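**Q** Please read through the structure below; I'll follow up with questions.
The values are calculated or read from the model by the stated rules, or taken from the named source; none is laboratory data. These numbers come from a predicted model, not from an experiment. Cβ coordinates were reconstructed from backbone atoms using ideal geometry, including for glycine residues, and neighbour counts include every protein chain displayed. The accessibility values were calculated without ligands, DNA or RNA, using every heavy atom of the protein model including side chains. Shrake-Rupley method; radii C 1.70, N 1.55, O 1.52, S 1.80 Å.
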Amino acid sequence: MTIAVPASDRKDLARHLLRSDSIVAQLLVVIALTIGLALIWDGAGQWPEAWTIPVKQWLSDLFRWLDKEATLGLFTVKELTRTIAWVLKQPLIWSEFLLWKSARVYKYLPIFWIFFACAVGFVVARRRDMKTAILSSLAILAVVTIDGFPFILESLAKALKTEPWVEPAALVGISQVPGYLLADVLGFREVKYVPWIAVVLGFGIFAHWVGGWRLATVVVLCMGYLAVTGLWRESMKTFSLVVVAVPFSAALGLWLGIWVTRSERAAAIITPMFDLMQATPHLAYLVPVVVMFGAGQVPALIATMIFAMPPMARCTILGIQTVPSDVVESGRMSGCTPRQLLWKVQLPASEKTLLLGLNQVIMQTLAMVVICSLVGAQGLGHKLLFSLQQLKLGFATMQGIAIVLMAVVLDRLTQAYANKASTHVHADEQSYLERHGHLIAFFAVLIISTIAVFYLRDVSILSRKYLWVTSKDALELDKVIKAITFEMIDYIKPVRDFITVYMLIPMRNMYQALPWSLVLAVLAIVSHRMGGCKLTAITVSLLFFVIVTIGNWEFATTTFYFVSTAAVICVLIGVPLGLWSARSERVAKVVMLVCDTLQTFPSFIYLLPAIMLFRVGELAIIFAIIPYATVPAIRFTYLGIKRIPPVTIEAARMNGATAWQRLWKVELPVAIPEIMLGVNQTIMMALAMTAITALIGGQDLGQEIYRALPTSDAGRGVMAGLGIASLGIIADRLINSWAVKRKRELGVG
Amino acid sequence: MPGDVKISCRNIWKVFGDDPKGFMTAHNGSPSSEALAAEGYIGAVRDVSFDVHAGEILIIMGLSGSGKSTVIRCITRLNDPTTGEIIFDGRDILAANDQEMIELRRHKMGMVFQNFGLLPHRNVLSNVAFPLEVQGIERGQREARAREMIELVGLGGREEYFPRELSGGQQQRVGIARSLAVEPDVWFLDEPFSALDPLIRAEMQDEFIRLQKLLKKTIVFITHDFEEAIKLADRIGIMKDGRLVQLSTPEEMVLNPADEYVTRFTENAPRGRIVSARAIMERAKGKPKKANGAGVPADAKIGEIAEQVLNSSKPVTVVDENGFALGAISRERMASALFARDGL
Ligand SMILES: Nc1ncnc2c1ncn2[C@@H]1O[C@H](COP(=O)(O)OP(=O)(O)O)[C@@H](O)[C@H]1O
Ligand SMILES: [Mg+2]
């Protein structure tokens, strides 16, 4: 408010400002008061350590107690977590066998029989009905189980001592026949994982089925990259986690979603929990999981499942609620029981939404599996993390590209599948081959390549001499990239240092000097203005919670600093890009394609260019946030402008507005609520990213989580995560209530 | 009147709002429009009573939002009425529990929806077989029955098509076939043809008449189109703001509209196709005598006999089925019946 005011107007202005309902006056008064207070008493600036509620400590103690002592009557919590881990480990073992580990034939028998039972069930379901199908599958499994009983008992016994499978020594019975035939008659003692050729072509065949030749080509090329760069095994390690996590997350999300639509009480509890979960950064999930389950693949699986579940639940809720009422009622009038209504009407009718939910689950799963490398999960993420830590930028680039390609493949495939599956078109007289060609082709590839493995090892996994990028070349590449970046850093460094020293650090210092009392008071006034008492109560209590539990107010202000700086830059880039796209279809096509692609990347990947350009430090952090968090700003701006009714714009034209006037006076004011929703998303994504950028420095909440990881200090990590989530929810509530109010005033939306 | 009473509705109220039951008790079971508006409740159906007779087509008419759908949704218990009594086949349907209601819907009720309500993920065959499937009828049997129904509505050869591949009229044929697959006693149709283009609508109405000749169901049919109503109805009930204002034969409604509102509906009705000779004739005095020579039948619609009457210089005799003269229609009388209206 530094305006030159003519003397005569000064009194008016003063009177205006002093009016008690003027927000400026309120803010000025409050800021003056709190700064004054902070000057007199340090405690108003930094929350006094002594007053900090030691929730962190309590949580850590709680987790320790759960881990060490807690019992649930019959068994201890520790035993429970062990059991859960064991259960989850079983499918993981199989997916690992299939994708990258070899195993003796007998180990495959369970999975063979399960497949067999499923296949029989499938055929019966086609010919007769579901009930008979399930019964016959179960019957087969039962026979095999009982037949192989000693085997199962033995394996259970071993498993409790964490060695899950044993080779059944001399067992007879039909369940062993396939193994006997293969191993003892034909001499195939060991079964190799599925050959890379079969996986790549399998993906390609699936892609052709759902999306035609173009998609198939893209998919085969992407997957081929994984093989020829020698990253195949790592990719399959990652993929084997995804394969197991996705069904669990999807089933869990589906179940929770159904529950929410069924029971209002469940909705009241679960919906806010999802809000919290989605605002909590990935990393925060890892800490308690590590404490309870240790490090490795299984904890990664658990963290991933929990993290990736909410989108499925949301889509389930959305899908069920948006089935046309006519359809539901026709189901009820057809005499459906509630269960039949759900499974035969509501869920199938919301197929498309459910499949999009599945797509999101898969993408989130991949992102989380990569991040789980921090808790020792093997795979591409692990390699990438290692390369980054060693500043092996060439390797890091190759591995980063591999992760990106995998994400692109999974995304495009599931989207194409969602489209195909939910567009029901009857098949005109098709020949047997036309209908089942893809399946036949896949099995042919599988069988041929499996046999070929015995004659040519490279079918199974490419040996070094065939790799286009052998490790040696990768070393070269590494050198080249290093050289380039070292070359560049000579130029970049001064710029980086200049920006950091003269712009970022002063700004950070300013943020860090903010007294908590000032922030709290300003938040209260702003929330009251935007959404009344209820909103104020929510935001103020959330921030207060952060202040009194975090113990170090500076973590919060530093997080503010990163997020607000990055968000401002994102908006400065994103809004103009959105406006430009809204003006030109051609630009829009390109920009939206870039947005789509950026959105499929696992968040971890964004560290790579930041490190390449700026190494570590604050500029690198902000730089890593920007591409990730700009997307919603672009997208919502574009949509906001596009959704303005054409008449409004025509009218402005008729009134003789120039293009600029039209933009400033008509389009922006009408679209601003929508744009603000984009900004909201940008802030949420920036917050999520700050946790990941902890890897390259910063003294913020994200760093707190990261530091908590190796020490297994659950309370510290969880509270820092919740702190970030709280900040996110505050921003979300504020902006949303403003946007809704504004939209109502404008009469749009 | 044909047949016995199939459905009997007594004083049904359906009020939407926070606490409809409490609200109803607070107002002694019959709140006024003002009370409803003041407390923010919606009186979708207000004190409606009527009977549906076996084998008749009862049409419920009214503007959009007048509560027509809610009435049949109460009878089918898709919505539970707030107060009132509904007797279906001699039993109190509001006392039926969920399981009994499911049984009733499976065997006694069929319903056709305005927007078809087809299951988008199932083809025609499996849509039509759906009500049988949920009953647990074995696949071969239910598909055979479904094929029969598909043939009946003239969609033979389209069994494998999915709803989105069909036109509106075809989709509604599927809806009709599905609702008939269980051989329901009572057939509810909620604006079945309103979403269709006029030409298709006329075609579907004829189709409906053809089906009803074959099947002779008890039908409750909703429409907001008076033309459609008189084409199909045995009796018409007109609803306004949740109340049933008049329930009578089309002829009675045209001749004696209960109020302004009904008059406005009937104003443009094709009277020639609705009003019968009996209604406009000058009644013969004394005992009916055997008519000599030709006369027009008393039940003939005046549109059919107009030419004959208008071309005759003398009043034309009206005779009953046994040939007794009941009265006569003069040229002037006919003209005013057809055009002037106030002459009656
Ligand atoms: N589930 C509901 N909740 C609240 N109001 C409803 C509900 N269903 C119908 N109504 C209201 O009841 C009135 C009658 O609706 P309806 O029976 O659908 O009318 P019609 O079928 O004659 O067009 C309308 O005012 C409608 O807004
Ligand atoms: Mg209706």
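**Q** List every residue pair whose Cβ atoms sit under 6 Å apart, with the two residues 6 or more apart in sequence or on different chains, where the first one lies in the stretch A:225-238 and is under 15 Å from A:GLY394 (Cα atoms) and the second, anywhere, is of a type outside the set (D, E, K, R) and part of a helix (DSSP H, G or I).
**A** Listed pairs, sorted by first residue: A:THR229/A:MET398; A:LEU231/A:ALA402.
**Q** Scanning the stretch B:30-69 for residues that are in contact with a Pro (Cβ under 9 Å, 6 or more places away or on another chain) and without any contact (Cβ under 8 Å) to a residue 60 or more places away in the chain, which turns out nearest to ligand 2 (Cβ to nearest atom)?
**A** Restricting to residues being in contact with a Pro (Cβ under 9 Å, 6 or more places away or on another chain) and without any contact (Cβ under 8 Å) to a residue 60 or more places away in the chain, the top hit is B:TYR41.
**Q** Of everything in the stretch A:324-361 that's touching a Lys or Arg at 6+ places or on another chain (Cβ under 9 Å) and more than 10 Å from chain B (Cβ to nearest Cβ), which residue is farthest from B:MET109 (Cα to Cα)?
**A** This residue is A:GLN360.
**Q** Additional query: For the stretch A:96-111, which residues satisfy the criterion of being in contact with a helix residue (DSSP H, G or I) (Cβ under 6 Å, 6 or more places away or on another chain) and surrounded by fewer than 20 Cβ atoms within 10 Å (Cβ to Cβ)?
**A** Residues satisfying the conditions are A:ALA103, A:ILE111.
**Q** Of the residues that make up the stretch A:205-228, is at least one hydrophobic (A, V, I, L, M, F, W, C), under 22 Å from A:ALA103 (Cβ atoms) and open to solvent by 20 Å² or more (accessible area, probe 1.4 Å)?
**A** Among the residues of the stretch A:205-228, not one is hydrophobic (A, V, I, L, M, F, W, C), under 22 Å from A:ALA103 (Cβ atoms) and open to solvent by 20 Å² or more (accessible area, probe 1.4 Å), which makes the answer no.
**Q** For residues in the stretch A:693-749 being under 24 Å from the mean Cα position of the chain (by Cα) and on the phi > 0 side of the Ramachandran plot, which is most open to solvent (accessible area, probe 1.4 Å)?
**A** A:SER712
**Q** Since A:GLU434 meets every condition but one in (1) away from chain B (no Cβ under 14 Å); (2) open to solvent by less than 30 Å² (accessible area, probe 1.4 Å); (3) closer than 25 Å to A:PHE203 by Cα, which condition does it not meet?
**A** In the conditions (1) away from chain B (no Cβ under 14 Å); (2) open to solvent by less than 30 Å² (accessible area, probe 1.4 Å); (3) closer than 25 Å to A:PHE203 by Cα, A:GLU434 misses (2) alone.
**Q** Another question about this same structure. Pairs only if they're at least six apart or on different chains, beta carbon under 9 angstrom, first in the stretch A:626-649 and under 30 Å from A:PHE604 (Cα atoms) and touching a residue at least 40 places away in the same chain (Cβ under 8 Å), second open to solvent by 10 Å² or more (accessible area, probe 1.4 Å) and not in a helix (DSSP H, G or I); list them, first residue then second.
**A** Pairs found: A:TYR628/A:PHE601.
**Q** Of these, B:VAL134, B:VAL174, B:VAL153, B:VAL182, which one is of a type in the set (Val, Ile, Thr) and either open to solvent by 40 Å² or more (accessible area, probe 1.4 Å) or away from every other protein chain (no Cβ under 12 Å) (or both)?
**A** B:VAL153
**Q** Moving to a separate point now. Mind listing whichever residues of the stretch A:255-288 are touching a Cys at 6+ places or on another chain (Cβ under 9 Å) and among the aliphatic types (A, V, I, L, M)?
**A** A:LEU286
**Q** Looking only at the stretch B:124-151, count every residue that is over 23 Å from A:LEU341 (Cβ atoms) and either at pLDDT below 90 or not in a helix (DSSP H, G or I) (or both) and tell me the total.
**A** Here the count works out to 0.
**Q** Okay, moving on. What are the residues in the stretch A:34-76 that are modelled with pLDDT under 80, in a helix (DSSP H, G or I) and in contact with a Leu (Cβ under 8 Å, 6 or more places away or on another chain), if any?
**A** A:ALA44
**Q** Give the residues of the stretch B:185-206 that are within 12 Å of chain A (Cβ to nearest Cβ) and within 16 Å of ligand 2 (Cβ to nearest atom), sorted by residue number.
**A** B:PHE188, B:LEU189, B:ASP190, B:GLU191, B:PRO192, B:ALA195
**Q** Further question: Can you pull out the residues in the stretch B:47-92 that are more than 17 Å from the chain's Cα centre (by Cα), within 14 Å of chain A (Cβ to nearest Cβ) and among the aliphatic types (A, V, I, L, M)?
**A** B:LEU78
**Q** Oh, and also: Mind checking whether some residue in the stretch B:58-65 is open to solvent by less than 20 Å² (accessible area, probe 1.4 Å), assigned by TED's automatic domain parsing to the domain that holds B:LYS216, of a type outside the set (A, V, I, L, M, F, W, C) and within 12 Å of ligand 1 (Cβ to nearest atom)?
**A** Checked against the condition, which is being open to solvent by less than 20 Å² (accessible area, probe 1.4 Å), assigned by TED's automatic domain parsing to the domain that holds B:LYS216, of a type outside the set (A, V, I, L, M, F, W, C) and within 12 Å of ligand 1 (Cβ to nearest atom), the stretch B:58-65 yields at least one hit.
**Q** On the basis of being open to solvent by 50 Å² or more (accessible area, probe 1.4 Å), in contact with a Ser or Thr (Cβ under 7 Å, 6 or more places away or on another chain) and in a helix (DSSP H, G or I), does A:MET530 make the cut?
**A** Yes; evaluated as a whole, the condition is true for this residue.
**Q** Test of understanding: among B:GLY168, B:GLY117, which residue is more than 16 Å from ligand 2 (Cβ to nearest atom) and either at pLDDT below 95 or crowded, with 23+ Cβ neighbours inside 10 Å (or both)?
**A** Answer to the check: B:GLY168.
**Q** What number of residues in the stretch A:360-387 are out of contact with any His (no Cβ under 8 Å at 6 or more places or on another chain), open to solvent by less than 10 Å² (accessible area, probe 1.4 Å) and of a type in the set (S, T, N, Q)?
**A** Selection size over the stretch A:360-387: 2.
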